[in-house]
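Trainee: Could you have a look at this structure, given as C-alpha cells, before my questions?
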Amino acid sequence: MKTIRISDVSFRALANAAEFAFKPQGRQLNDGSWLVPVDNDVLEWLQQATFPGETIDDTIQRLVNVYHKRRPD
C-alpha cells in the first residue's frame with residue numbers, strides 16, 4: 001500500500017464519479033490536499049496512465065474528465 005497526495009479538486013472529482021457509496025479514505029492536510037492510500041497495483045496503473053510532465057493528480061483529473069464525457073446518460 002502506498003500513499004499519494006492529491007488536490008481537493010481531484011478528491012472531489014473521484015467522490016462525484018463514484019457509482020457506489022463513497023467512503024472517504026485518507027487524510028486532508030491543512031493546505032486542502034489529501035494523502036490517500038492506494039494499492040500498489042492502482043499506483044502502478046496510474047503511473048502507466050500518466051503522460052510526460054503530468055503529475056498523478058493531473059492524471060486523475062484527466063481520467064475523471066474522460067469518464068464523464070463517455071458516461072452514458
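What follows draws every value from the coordinates through simple rules; no lab data is involved. Quick caveat, the model's predicted, so the values are computed rather than measured. Heads up, the Cβs are rebuilt from the backbone with ideal geometry, glycines too, and the neighbour counts pull from every protein chain shown.
Trainee: What does the C-alpha gyration tensor say about the overall shape of the stretch 2-70? Classify as rounded when a/c is under 1.5, otherwise prolate if a/b is larger than b/c, or oblate.
Mentor: Rounded shape, in that the Cα axes give a/c under 1.5.
Trainee: Which of the peptides 32-41, 15-24 is most tightly packed, and how do the rest follow, going by the mean number of other Cβ atoms within 10 Å of each residue?
Mentor: Result, highest mean Cβ count within 10 Å first: 32-41, 15-24.
Trainee: Treat every Asp and Glu Cβ in the stretch 2-70 as -1 and every Lys and Arg Cβ as +1, leave all other atoms uncharged, and give the resulting dipole magnitude about the Cα centre to the nearest 20 debye.
Mentor: 200
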